[in-house]
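Working notes, beginning with the structure itself.
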Amino acid sequence: MTRILWPDQINSLAPPPAPPDNAGLEAEVKTTTCYMCACRCGIRVHLQDGKVRYIDGNPAHPLNKGVICAKGASGIMKQVSPARLTHPLRRKAGAERGAGEFERISWQEAFSILESRLKAIRATDPKKFALFTGRDQMQALTGLFARQFGTPNYAAHGGFCSVNMAAGMIYTIGGSFWEFGGPDLERAKLFVMLGTAEDHHSNPLKIAISAFKKRGGRFVSVNPVRTGYSAIADEWVPIRPGTDGALLLALNHEIVAQGLYDRPFVARYTNGGQLVVVDPASPRHGLFALDEGADPVNPLYPQNQLWWDRASGGPVLTHTPESDPALFGDFRLADGTRVRPAFELLAERLRPHTPEWAEKITGVPATTIRRLAREMGVTARDEKIELPIAWTDCWGNEHQTVTGNPVAFHAMRGLAAHSNGFHTVRSLAILMSLLGTIDRPGGFRHKAPFPRAIPPSAKTPTGPEGVRPDTPLAGLALGWPGSPEDLFVDADGGPVRIDKGFSWEYPLSVHGLMHNVITNAWRGDPYRLDTLMIFMANMAWNSTMNTDEVRRMLNDRGADGEYKIPFLVVCDAFQSETTAFADLVLPDTTYLERHDVMSMLDRPISEFDGPVDSVRVPVVPPLGECKPFQEVLIELGSRLHLPAFADSEGKRKYKDYPDFIVRHETEPGSGIGFLAGWRGADGTKAMRGEPNPAQWERYAENDCVFRHELAPSYRYMRNWNRGYMEWAQRTRLRRWGDPVLVHLYSEVLQRFRLAAQGKWPGRQPPAHLAKRVETYFDPLPFYFAPLEHEATDLEKYPLAAITQRPMAMYHSWDSQNAWLRQIHAHNYLFISPATALAQGIEDGSWLWVESQWGRVRCMGRHSEAVEPGTVWTWNAIGKHEGAWALAPDANEFTRGFILNHVISEELPGGTSNSDPVTGQAGWYDVRVRVSPA
Ligand code: SF4
């Protein structure tokens, strides 16, 4: 590929600014929110003569309390990076994509090009426009734009990142980790972390772990690699990648077999006591038995299921006063229907999954599994916490205290990024539930707006008729299917979305499948796109698998001589590998140059004790002609006369993005907007209230953060807390106030399985997908080897290869940051010494890492901190020559590498290399071999 040289970017890195001279010269300090990673810490930006001189953590900010990491402190170098894009650019006539030959154009020209192109698409077939974004924090806005445009082809990076973590948890407990919830380390005694990168949830988790360890808490890390958090764990449990599901099933097995589960919690707050119809000939096989004569309360989330009451020895409606459900047994209803409690089915499923069974798969000794299970169970049972907080449950029972079982967990992509990740994460959520730790002190706690219903009520359209010219999409682009009727498919069961999300291939793909967009559009399967707009996602490099092929696809032409993806728009602040392929480049601002919101409608920074949202405010003006992508969307929405952005006569509704944030309401008069703080005409209302013209000023005066503390009685047991539910309904965090029982047994999955078996009265999958759906939509968690392993010669490629992002860089975002490049300018493949030496690979030497899909040359380092069957490296340090305005001899090109070269986005036969339930990219499933180079 030709090296890309912008006239003002041919120098390598600019010299770093001098450190601040002394305090006396400091002119101004402004507070805003960091965006050097996705954690959203509060920062203070120190300026002199209007220039950023220094950034430190804001001690008044609730998230990081003044702590700052290497990335956050290096934000200053982002401002002066030579890789900044500063003007709108158009690919030169006749220049090839990838050559990076552009000409400057004005914003007026850029908007005119987009307006005429998008208007024509919207008037004919809106799905020919696709908008995919990276780790942005404005999905409420980008999603609104896509919906208003009328395209179903929208998603952010979640399908590539950790959708299994979101879906597996939310379909089980109604919440998940990180923004959505997390470990209560203030009160936990035992903390178990699984599959978490070096510093995921960076500063907040570091602060919490530090205090936890000082208090004497025990920290166990399960991970193939012992770096970052794992390096300070009291116990490291090395495990083979992709096998955590087997470990978790064995832990669950032990908890049940030893009677260490929290029976009262399971009986009352999960669906474990609910009776399941057991009659393979019946269309209700595997569904919950219902009392048809009783009020379902909410037909969408019916509450007329049955327990088998131990006291009366017969069936009763669940949560009937004075009743107590049997968790084991085999019963007959009055009409002869055979039923068994869901917990009994779970216990039966777990029975063969012994520690000895798991040892063979995971490499974790059975004795260790047994010991850990016992430690978890005994800690949960014997070290209970009791807080003097009175609360009332959804069935009207008053409780004088809140109790907690102090075992906490945290997990992330190491569990998620496998094709078996959904069931792995369900197994984790079930373990947390059996231990009785859900939304209780010392365990897992939700953060607003969670918990959600299971599944959440947001839905996509259900067929192609939901996509119509000049009309907003008839639903959301991303939703939460609860049954086959919620899928987004055509009359033949084929996909409507370009990434095949919400089709029978990936029914619960709640974050879309970003990793298949370019391949599908290039192939025209299910159809071709006209315009692909990419925001803040390096989809030609590290946000894709199969890096070389994907870039070839972007450059490929059809028989008519036109590019197979005709028009590519890239909006980014920096010149990445992807910008070189753009037809139109839109220069975004940095986080220090714009307004932004971390909204309750999206991914706020809520705390366990209440909702928290935050903003960014500009602390310096934009460089050159940079324009925030938010402003681009407001402008385009106005020009295209999308109803959310223009009135019925086509007149724009909002002056700019800040004006939109203040005045936009989810529906006229709802009082719900992007920001929850200082609402109402005079700014005195919280969560809900009329627009407040001075809202931005109030945030700026308050460290850019709004906090709402819940009443103490609303802070725990929120899935089943009547007071909290009523408050959440009033503030529209929840649509329904029904209790959210933990789904140990997933009736949602069983509905899909029944459809695959031809027993569901509604939609059924195409014949070629029936077996797949029947297999993977098991209402109980199960373990299967990652799909790629079945398509790999494991003797030839015996090693698992994984990546993680390093502590000092956020994926590829910081490849242009002079300070951070001094920490990571190239990466190594880390290998256990025994594994390396067996292949003749010396420490520090060059080697080939090769999968069935390709090979890449890299430097290896011996490391005792990796499980012997695994090799690993940091993600996105290696760069393509010419990208990021790096010098021609930059280490990133000459010594760094990216593992994505040896990972495929598809399996043999053309199915996506993804989880068959959620479409999560299985990019941690690749198997490799190594040899000296
Ligand atoms: S963890 Fe570091 S980079 Fe991330 S938001 Fe906080 S200070 Fe910024």
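The values are calculated or read from the model by the stated rules, or taken from the named source; none is laboratory data. Fair warning: this is a prediction, and the values are worked out from it, not measured in the lab. In this analysis, Cβ positions are derived from the backbone assuming ideal geometry, glycine residues included, and neighbour counts consider all displayed protein chains. In case anyone asks, the SASA skips ligands and DNA or RNA and just uses the protein heavy atoms, side chains included. Shrake-Rupley method; radii C 1.70, N 1.55, O 1.52, S 1.80 Å.
For residue 816, the requirement of being closer than 30 Å to residue 878 by Cα and among the polar types (S, T, N, Q) is met. Scanning region 749-793 for residues that are part of a helix (DSSP H, G or I) and of a type in the set (Asp, Glu) yields a count of 3.
Residues in region 906-922 that are assigned to a loop (DSSP other than H, G, I, E, B) and open to solvent by 10 Å² or more (accessible area, probe 1.4 Å): 907, 908, 909, 910, 911.
For region 239-272, give me the residue count where each residue is in contact with a strand residue (DSSP E or B) (Cβ under 8 Å, 6 or more places away or on another chain), crowded, with 21+ Cβ neighbours inside 10 Å and part of a loop (DSSP other than H, G, I, E, B). Residues flagged as in contact with a strand residue (DSSP E or B) (Cβ under 8 Å, 6 or more places away or on another chain), crowded, with 21+ Cβ neighbours inside 10 Å and part of a loop (DSSP other than H, G, I, E, B) within region 239-272 amount to 3.
Confirm whether residue 40 is in a strand (DSSP E or B), touching a residue at least 12 places away in the same chain (Cβ under 8 Å), touching a Ser or Thr at 6+ places or on another chain (Cβ under 6 Å) and closer than 24 Å to residue 138 by Cα. Judged against the criteria, residue 40 is not a match. Residues in region 809-827 that are outside any loop (DSSP other than H, G, I, E, B) and surrounded by fewer than 21 Cβ atoms within 10 Å (Cβ to Cβ) were compared, and the one that is farthest from the ligand (Cβ to nearest atom) is 818. Of the helices (runs of 4 or more DSSP H) lying entirely inside region 71-156, the ones with 1 or more residues being open to solvent by less than 50 Å² (accessible area, probe 1.4 Å) and within 16 Å of the ligand (Cβ to nearest atom) are found at 75-79.
Note on region 397-447: residues that are within 23 Å of the chain's Cα centre (by Cα), part of a loop (DSSP other than H, G, I, E, B) and among the basic types (Lys, Arg) total 1. Restricting attention to region 206-226, report how many residues are within 15 Å of the ligand (Cβ to nearest atom) and either out of contact with any strand residue (DSSP E or B) (no Cβ under 8 Å at 6 or more places or on another chain) or open to solvent by 10 Å² or more (accessible area, probe 1.4 Å) (or both). Total satisfying the criteria: 4. Among the residues of region 695-741, those that are under 14 Å from residue 676 (Cα atoms) and of a type in the set (Ser, Thr, Tyr) comprise 699, 731. Looking at region 794-808, which of the residues that are of a type in the set (A, V, I, L, M) and in a loop (DSSP other than H, G, I, E, B) is surrounded by the fewest Cβ atoms within 10 Å (Cβ to Cβ)? Across region 794-808, the extreme among qualifying residues is 794. For region 161-195, the candidate set comprises residues that are open to solvent by less than 10 Å² (accessible area, probe 1.4 Å) and of a type in the set (Ser, Thr, Tyr); within that set, the residue that is nearest to residue 478 (Cα to Cα) is 171.
Taking the criterion of being more than 19 Å from residue 208 (Cβ to Cβ) and near the ligand (Cβ under 8 Å from one of its atoms), the residues of region 24-69 that qualify are 33, 35, 36, 43.
Among the residues of region 882-898, those that are assigned to a loop (DSSP other than H, G, I, E, B) and more than 30 Å from the chain's Cα centre (by Cα) comprise 882, 886, 887, 888, 889, 890, 895. The residue pairs whose first member lies in region 885-904 and is among the hydroxyl-bearing types (Ser, Thr, Tyr), whose second member is surrounded by fewer than 23 Cβ atoms within 10 Å (Cβ to Cβ), and whose beta carbons are closer than 6 Å, counting only pairs six or more residues apart or on different chains, are 904/853. Entry remark, region 172-205: residues being assigned to a strand (DSSP E or B) and either modelled with pLDDT under 95 or away from the ligand (no atom under 16 Å from the Cβ) (or both) number 8 in total. Residue count for region 461-511, restricted to those that are in a strand (DSSP E or B) and either free of Cβ contacts under 8 Å to residues at least 40 places away in the same chain or open to solvent by 10 Å² or more (accessible area, probe 1.4 Å) (or both): 1. Among the residues making up region 227-239, a single one is within 16 Å of the ligand (Cβ to nearest atom) and touching a residue at least 60 places away in the same chain (Cβ under 8 Å): 228.
Of all the residues in region 866-882, those that are of a type outside the set (Lys, Arg) and either touching a Cys at 6+ places or on another chain (Cβ under 8 Å) or open to solvent by less than 20 Å² (accessible area, probe 1.4 Å) (or both) number 10. Only a single criterion out of (1) open to solvent by less than 20 Å² (accessible area, probe 1.4 Å); (2) under 18 Å from the mean Cα position of the chain (by Cα) is not satisfied by residue 201, namely (1). When region 303-327 is filtered for residues that are under 36 Å from the mean Cα position of the chain (by Cα) and open to solvent by 40 Å² or more (accessible area, probe 1.4 Å), only 303 remains.
Tell me, please, whether a residue that is in contact with a helix residue (DSSP H, G or I) (Cβ under 7 Å, 6 or more places away or on another chain), open to solvent by less than 10 Å² (accessible area, probe 1.4 Å), aromatic (Phe, Trp, Tyr) and within 20 Å of residue 780 (Cα to Cα) can be found in region 432-445. Looking for residues that are in contact with a helix residue (DSSP H, G or I) (Cβ under 7 Å, 6 or more places away or on another chain), open to solvent by less than 10 Å² (accessible area, probe 1.4 Å), aromatic (Phe, Trp, Tyr) and within 20 Å of residue 780 (Cα to Cα), one finds none in region 432-445, hence no.
Residues checked against (1) surrounded by 23 or more Cβ atoms within 10 Å (Cβ to Cβ); (2) closer than 16 Å to residue 98 by Cα; (3) not hydrophobic (A, V, I, L, M, F, W, C):
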site: 551; (1), (2), (3): yes, yes, yes
site: 559; (1), (2), (3): no, no, no
site: 567; (1), (2), (3): no, yes, no
site: 577; (1), (2), (3): yes, yes, yes
site: 583; (1), (2), (3): no, yes, yes
site: 596; (1), (2), (3): yes, no, yes
site: 609; (1), (2), (3): no, no, yes
site: 615; (1), (2), (3): yes, no, no
site: 643; (1), (2), (3): no, no, yes
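Within region 377-396, which residues are in a helix (DSSP H, G or I) and open to solvent by 10 Å² or more (accessible area, probe 1.4 Å)? If the condition is that a residue be in a helix (DSSP H, G or I) and open to solvent by 10 Å² or more (accessible area, probe 1.4 Å), then 378, 379, 381, 382 are the ones that fit. Could you check how many residues of region 883-897 are hydrophobic (A, V, I, L, M, F, W, C), modelled with pLDDT under 95 and either surrounded by fewer than 24 Cβ atoms within 10 Å (Cβ to Cβ) or within 28 Å of residue 832 (Cα to Cα) (or both)? Residues in region 883-897 being hydrophobic (A, V, I, L, M, F, W, C), modelled with pLDDT under 95 and either surrounded by fewer than 24 Cβ atoms within 10 Å (Cβ to Cβ) or within 28 Å of residue 832 (Cα to Cα) (or both): 2 in total. Kindly indicate whether residue 778 is among the charged types (D, E, K, R) and in contact with a helix residue (DSSP H, G or I) (Cβ under 9 Å, 6 or more places away or on another chain). Answer is yes for this residue. Just wondering, is there one or more residues in region 538-546 that are without any contact (Cβ under 8 Å) to a residue 60 or more places away in the chain and assigned to a loop (DSSP other than H, G, I, E, B)? The answer is yes; a qualifying residue exists. The set of residues from region 308-332 being on the phi < 0 side of the Ramachandran plot, in contact with a helix residue (DSSP H, G or I) (Cβ under 9 Å, 6 or more places away or on another chain) and in a loop (DSSP other than H, G, I, E, B) comprises 318, 324, 326, 327, 328, 330.
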